[in-house]
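**Student:** Below is a structure I'd like to ask you about.
The values are calculated or read from the model by the stated rules, or taken from the named source; none is laboratory data. Treat the numbers as computed from the prediction; the structure is a model and nothing was measured. Neighbour counts are summed over all protein chains in view; Cβ atoms, including those assigned to glycine, are modelled from backbone coordinates with ideal geometry. These accessible areas exclude ligands, DNA and RNA; they are computed on the full protein's heavy atoms, side chains included. Shrake-Rupley method; radii C 1.70, N 1.55, O 1.52, S 1.80 Å.
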Amino acid sequence: MKERLKVMKFGVKVFSIFATVFCLHAFGEIDLKPKDPAWKFLDLAQMPIQSGGRVKPFDSFARSSVLFITGKRSFENWDPVEMTLSWIVEPSRWEQVPFVTILREDVRRQIGVDEKKKYFSPIELLQKSSLLQYAEMLPQKEAQTTNQTGPKQDQREQELRRVLDRVSLFRNIASGQAWTVIPPATKSAEDRWLSLAEGTQEHGEVLTRFIEVFKAYKDSNPLAFADASKAIDGWIKNRIPGDGEGAILKVKAEVTYNRIRPYMTAWVLYFLSALLWGLSAWLRRGEGKGKAWTQFGLILMYSAVAIHTVGLGLRSFIAGRPPVSNMYESIVWVSLGVMVFAAILYHIQKQKHAVLLSVASTLAMLGLLAADISPTVMDPSINPLVPVLRSNFWLTIHVLTITLGYSAFALSYGLGNVTLVVYLQSFLGKKAQGFMARVNTLNQMSYRSMQFGVVLLAAGTILGGVWADYSWGRFWGWDPKEVWALIALLCYLIVLHGRFAGWIGVFGFAAWTVVSFSSVVMAWYGVNFVLGVGLHAYGFASGGFGWVASAVSLQLIFVLAVWVTKKLRTS
Amino acid sequence: MIRTLERIFDFLASLKLAVIVLLGFTVALVVATLLESAYDTQTGQYYVYRAWWFKALLVFLGINIFCVAMSRWPWKRKHIPFLLAHLGILILLFGSWQTDRFGLDGSLRVSEGQTSAVVDEALYQLVFSSPGATEAVAHLIDWIPPGKEFKPFVVKDGVTGTSSSGEGPLPPLEVREYISRAEPVIGFRVPSTAEQATLGETPRPALKFKLEVPPSSKSKIPPGMRSLLAAQSFWLWQSDGGWASVNAGPARFAILDEEQARAVAPKEGAPQLLFFEGKKGDLEYRHISSQGKSQFGKTGVTYKSSEEKNPIRFNPNWNGIEVVIERWMPRAIPDTKYTPSKIQFGKEAPPPAIRVGLLGSSDPGVWLGVGDQATLGTLRIGFFQKRLVLPFSVKLHEFEIKRYQGSVDPSSYASRVSILDQQAPPETQEVWIRMNEPLSYKGITLYQASYEDADPRPVTSIFSVNRDPGRQAKYAGSLLIVLGSVLLFARRYPVVGKLLGVYEGKA
C-alpha cells in the first residue's frame, strides 16, 4: 500500500514537471511531423472529455480545437487528435511552429505581422505589443458590453479577439488545463470534471496513466501507446457519472459521425447522379429512351439520400435534439428537404421527368458542399442550446416547418433557372421541338413546389407566432427574423397573385421564382449574418457575406440578361 | 350614384390592387428591418410599425381582402378554400388590432424575497398634480427618434380624461424640449425667493471645485496627470444637512456642518479637506494632512454666491496641486440638466429627457429624466415609465439557474413564486415559473423572461407580463389561413377536388 502511494506521488510529481523535462529536449531545429500511418489514435479519439457543456469524445474536442486554431479541419496531414496530443507532449516546440491562423488581412496588419502569411507561431503573436495591449483592454471592454445580445461587434475586432482566444486555447491544451478528462468522484452528471492541470494526489492513478500515453508517444513506441491509450479510455469510461451507458453510446456514435463524414460522401454522390442525368439529357438519351441511365442515377441519388439521412439522424441522436439550431445544421436539413420534395413530386408524376431529380441533386450537392468547405463560417461542431430554445415542442415544429418551406422554394428556384436556360437556348439557337411543352412542364413542377413552400412558410411563420406567444407572451413583435419570413411569404404571394391577375406569364413566372428566392436567402442567411439585430440573436454569426452577395447578384444579373435577350428577340 | 359605388367596390375588389398593396407592404417591411439594423428597434418602430400610414396600409389591406371576398358573392362550395384563407387573414388582422388596443405587454421585476405588483410598459408619461391632490394627470409622451425635429406642445388637465380632484383644472404645462437619448449633467442653482415658498426640499450649501497644477509649478506631477486633473470638476451638495463627500485626486473632500467639521478626530492617511459654512455664510475649511495635522482656514469666498468667472484657489501643499473653488452657493437646490448622450443608438442608448415649463411663463422650466420629479409653481410633476399596478402582487421565493455541465452557460432558469391577492387571501401555493412554463392568474400571464445576476444574491427575476384579448382571434385566423391555403393548392387532387365540386376528372 505504501509502495503504491509512493508511485502515485511520483506520478503527480512527474506530471507537474512534465513540461519542463521534455523542454530540455526541445533544442535544435523544429521538425514536428505526424507519426507514420501505422499509429492508431482511435482509442484516444474515443476517450470521453467534458467540454462545451457536455461529455463528448476527445475526437470532437480535438477537431473543434484544431479547426478554431488553424482554421482548417486538419493541419498539414495531422490527425486532429494526434496534433492535440502533440501540443501537450511538445509544448515548447509548438510555441515556435507557425500554425495559428489569422483569417483577416486587416487584423494581420493591425497586429503588425507579415500580411502575406496565413499562419503564425504563438510566440511570434505574443511578442506583438499591439495584441498584448488589446488583451489588457479586454476586461474593460467586456464590462462595457455586458448586455446579453450586445451591440453589433465590429468584425475586425471579433477576429482580433479570436486570435487571442486561439493562442490561449493552444496554451490551455499544451498545459493540460483544457484536458477536462477526470470525472468527478460524485455520481452527479452536472458536476464539473477536473483537468489534468488541476489533478492532485488523489488523482495519481489517472495522471500516471496519462503520462504513460504521453511518454509512449514521445518515445515513438506504438505498442506501448496503443496499450496506454486503450487503458485510459477504459478507465474514464468506467467512471462517467450519471447515465454512463447512454453517454458511452453517444460518444461512440459521435466518433463514428466525425470519422465517416457523411455529408462529403453524400455530396459526391449527388454530384455524380446529377452529372449522369445531365449527360444523358445532353446525349438525348434522357426521358424515355435511356431508362438504364435514369435507374442508375436513381440508385446513386438514393444512396446519397440514405447517407445524408443517417448523418442527420446520428447528429440528432448525439445532440439529443432536432438538427436546426444553426446555419450548418439548417443547410444540411434544407438540402435533405429539397431531395424529399423532389422525390415526392417525381414519384407522383405520371410522366417522369428526371430533370426534377437532377435539379434537386445539384441543389443538395451545392448545399452540402458549402457546409462542408466553409467550417470557419458555419461551425460544424455540436453545441448546447440557450435556455429559451431548450425542450420546446413548438420551437422545433416551427423551425422545421419554415426550413422545409425553404427547401420547397429552393427546388422551385432551381427549376426556374432551368426554365431560363431553356429559354436562353431557344433565343440563341433555333426553336427546339416541343419547346412550349418543356417550359410548361418545368413551370408546372416549379409551381407545385412553390405551393408546398407557401403553405409550409405560412404555417411555419404562424407556428413561430404560437411559439413566441407560448414562450414570451406575444404572438407577433415585428422582430426582423419574423418580418423577413413574412417578406419572403409576401414575395411568393405577389408572384402567385400576379400570375393569377395575368401580369406574370410563362417566362415571368420562371424569372420571378428565381428572383423571389433572394428573399428566402435574406430571411435565412441575411437576418442572422448581415442585419444582426433582434430576438433571434442566438443564431447570429458572421462571414461568407462576399460569397452570398456575389451569388445573389450573379443570379439577378443572369435573370436580367435572359430578360433583355427575350426583349431583343421579340421586338 | 350607385354606379360610382360599384366602381369603387370593383376597384377595391380588384386583384391588381391586391398585388400593389402587397408590394407596398413588402417594401415597407424591408425598409423597417433595414432601419432597425442601421439604427435600433425603437427607430424602426417609430418610422414604420407604429406610423399611422403603416396602420392605414394594414386597414386598406383588410378592406381589399374583404371586398375581394364579397365580390365572389353568392358563395359556392368551390369558394371555400379561397374564403377560408382570406377571411383567416381578416380575423388575424382583427385579433392584432384587439391586442394593440386592449392588450397589456410589460415587465415586472422582483428580487428574491421581495414582492411586487408594478408592471413597467415601454412607454413614457408626464404626471402632474397639485400638492395634496389624490389623483394625478398622466399624459403619454411619444418617443421620438434622435435627429427628428421636435415641436413644443401643451399638456392640459383633462387631456387623458383623468381629472385632478377638487379645485378646478390644473394650469397647463408646456413640453419645451425633448432629447431622445439623454445624459444627465449634474448642477445646482440658487432658488428665487418666490420659488422658495413652494419648494419641496430645503436649499442647502453646494460647492463646485476642481484640482489643478498651475503651469508654472515645479511639481513632479507629470503633464498627462496634470491635464487629467484639470479636466474634471466635482460638485458637493449637503443634501440632508449631514456629510457629503467625494474622493478626488490625492484627497477626500467633504462638505458638512461646522460642528461636525470640528468634531472630526485627526488621523494619518489620505489628506482630508472638510468644507463648512462659516458663521457669516462664507466658506471655511479644515485641512487634515496625511500626517494627521489639522489646520483651519478661510477660502476667502464670501457669504454671497460666488461666480464661475472668478474662481478662488488655494494651495494645501499637496505636491503643487491647488484646490480651485469654482462655485459656492450657501443655499442651493439641484438643477440637473440633460444633454444628448454620446450613445444615440442601440441597446446601450439611455432613455429620453424633457424640459417642461408652465405655459406662458418666461422661466426656463425644469429638466426631467425618466424617474425624475420636481416642483413647478404650484404643481408636482414627474416623468416616468408608464406603470401599471396589477390587482395582485407576486412574491419571489427563490430563483434557480441551472447550467450546462462543467460550464458557466445557463441551461435553464426558473422562479418559485406565489401570488398575493387582497381580494382572495390567503396567498396561493408556491409555483415554479420556468422558461416556456408561464403562470396565468386573473387573465394575466407571467412569463419568465430573463434575470439580473448578482453576486452576492439576491438575484432579480424579470417576468414578461401579458394580457392578450386578441389571442382567440389570432389563433382562429391562423388556423383558417393554413387550412384554406392547403385546400386552395390541393383542389387539383381528386379527393379534395370532389369535395369542393371542382374536380374535372383529370389532374
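**Student:** Taking B:ASP453, is it within 13 Å of chain A (Cβ to nearest Cβ) and open to solvent by 80 Å² or more (accessible area, probe 1.4 Å)?
**Tutor:** So B:ASP453 passes the test.
**Student:** Next up: Could you check, for the stretch B:308-328, whether at least one of its residues is outside any strand (DSSP E or B), open to solvent by less than 20 Å² (accessible area, probe 1.4 Å) and among the polar types (S, T, N, Q)?
**Tutor:** For the stretch B:308-328, residues outside any strand (DSSP E or B), open to solvent by less than 20 Å² (accessible area, probe 1.4 Å) and among the polar types (S, T, N, Q): absent.
**Student:** Another one. Can you name the residue in the stretch B:107-148 that is of a type in the set (Phe, Trp, Tyr) and in a strand (DSSP E or B) and, of all such residues, is modelled with the lowest pLDDT?
**Tutor:** Looking at residues that are of a type in the set (Phe, Trp, Tyr) and in a strand (DSSP E or B), I get B:PHE128.
**Student:** What tally of residues in the stretch A:292-330 results from selecting those that are of a type in the set (Val, Ile, Thr), in a helix (DSSP H, G or I) and touching a residue at least 40 places away in the same chain (Cβ under 8 Å)?
**Tutor:** Of the residues in that region, 4 qualify.
**Student:** Could you count how many residues in the stretch B:456-487 are within 10 Å of chain A (Cβ to nearest Cβ) and polar (S, T, N, Q)?
**Tutor:** Residues in the stretch B:456-487 being within 10 Å of chain A (Cβ to nearest Cβ) and polar (S, T, N, Q): 4 in total.
**Student:** What single numbered condition from (1) in contact with a Pro (Cβ under 6 Å, 6 or more places away or on another chain); (2) in a loop (DSSP other than H, G, I, E, B) fails to hold for B:GLY241?
**Tutor:** That leaves (1) as the condition not met.
**Student:** Just one of A:GLY199, A:GLY204, A:GLY150 is open to solvent by less than 30 Å² (accessible area, probe 1.4 Å) and modelled with pLDDT under 80; which is it?
**Tutor:** Going through A:GLY199, A:GLY204, A:GLY150 in turn, just one is open to solvent by less than 30 Å² (accessible area, probe 1.4 Å) and modelled with pLDDT under 80: A:GLY150.
**Student:** Shifting gears a bit: What residue, among those in the stretch A:390-431 that are surrounded by fewer than 19 Cβ atoms within 10 Å (Cβ to Cβ) and among the hydrophobic types (A, V, I, L, M, F, W, C), is farthest from A:VAL455 (Cα to Cα)?
**Tutor:** A:LEU428
**Student:** Of everything in the stretch B:341-356 that's touching a Ser or Thr at 6+ places or on another chain (Cβ under 8 Å) and within 14 Å of chain A (Cβ to nearest Cβ), which residue is most open to solvent (accessible area, probe 1.4 Å)?
**Tutor:** Top of the filtered list is B:LYS347.
**Student:** Output the residues belonging to the stretch A:474-484 that are closer than 17 Å to A:VAL521 by Cα and at the interface with chain B (Cβ under 7 Å from one of its Cβ atoms).
**Tutor:** Passing the criteria: A:PRO480, A:VAL483, A:TRP484.
**Student:** Continuing with the same structure: For the subset of the stretch A:492-525 comprising residues that are outside any helix (DSSP H, G or I) and within 14 Å of another protein chain (Cβ to nearest Cβ), which member is most open to solvent (accessible area, probe 1.4 Å)?
**Tutor:** Checking each candidate, the answer is A:TRP503.
**Student:** Being open to solvent by less than 50 Å² (accessible area, probe 1.4 Å), farther than 30 Å from B:GLN448 by Cα and either in contact (Cβ under 8 Å) with a residue 24 or more places away in the chain or out of contact with any strand residue (DSSP E or B) (no Cβ under 6 Å at 6 or more places or on another chain) (or both) narrows it down to one residue among B:PHE66, B:PHE60, B:PHE54; which is it?
**Tutor:** Testing whether each residue is open to solvent by less than 50 Å² (accessible area, probe 1.4 Å), farther than 30 Å from B:GLN448 by Cα and either in contact (Cβ under 8 Å) with a residue 24 or more places away in the chain or out of contact with any strand residue (DSSP E or B) (no Cβ under 6 Å at 6 or more places or on another chain) (or both) leaves just B:PHE54.
**Student:** Report yes if some residue within the stretch A:463-473 is open to solvent by 30 Å² or more (accessible area, probe 1.4 Å), at pLDDT 85 or above and either more than 29 Å from the chain's Cα centre (by Cα) or away from every other protein chain (no Cβ under 11 Å) (or both); otherwise report no.
**Tutor:** no
**Student:** Out of all the residues in the stretch B:5-34, which are more than 10 Å from chain A (Cβ to nearest Cβ), free of Cβ contacts under 8 Å to residues at least 24 places away in the same chain and buried (at least 18 other Cβ atoms within 10 Å of the Cβ)?
**Tutor:** The answer is none; no residue qualifies.
**Student:** Taking the stretch B:244-262 only, how many residues are open to solvent by 40 Å² or more (accessible area, probe 1.4 Å), part of a strand (DSSP E or B) and farther than 20 Å from B:ASN315 by Cα?
**Tutor:** Within the stretch B:244-262, residues that are open to solvent by 40 Å² or more (accessible area, probe 1.4 Å), part of a strand (DSSP E or B) and farther than 20 Å from B:ASN315 by Cα number 0.
**Student:** Within the stretch A:255-277, is there a residue that is modelled with pLDDT under 90, open to solvent by less than 20 Å² (accessible area, probe 1.4 Å) and not in a helix (DSSP H, G or I)?
**Tutor:** No; the residues of the stretch A:255-277 include none that is modelled with pLDDT under 90, open to solvent by less than 20 Å² (accessible area, probe 1.4 Å) and not in a helix (DSSP H, G or I).
**Student:** While we're looking at this one, here's another question. With within 15 Å of the chain's Cα centre (by Cα) and of a type outside the set (Val, Ile, Thr) as the only criterion, which of A:GLY297, A:GLY311, A:GLY337, A:GLY320 stands out?
**Tutor:** Answer to the selection: A:GLY311.
**Student:** Still on this structure: Tell me which of these A:LEU442 doesn't satisfy, since it passes every other one: (1) facing chain B (nearest Cβ under 9 Å); (2) buried (at least 23 other Cβ atoms within 10 Å of the Cβ).
**Tutor:** (1)
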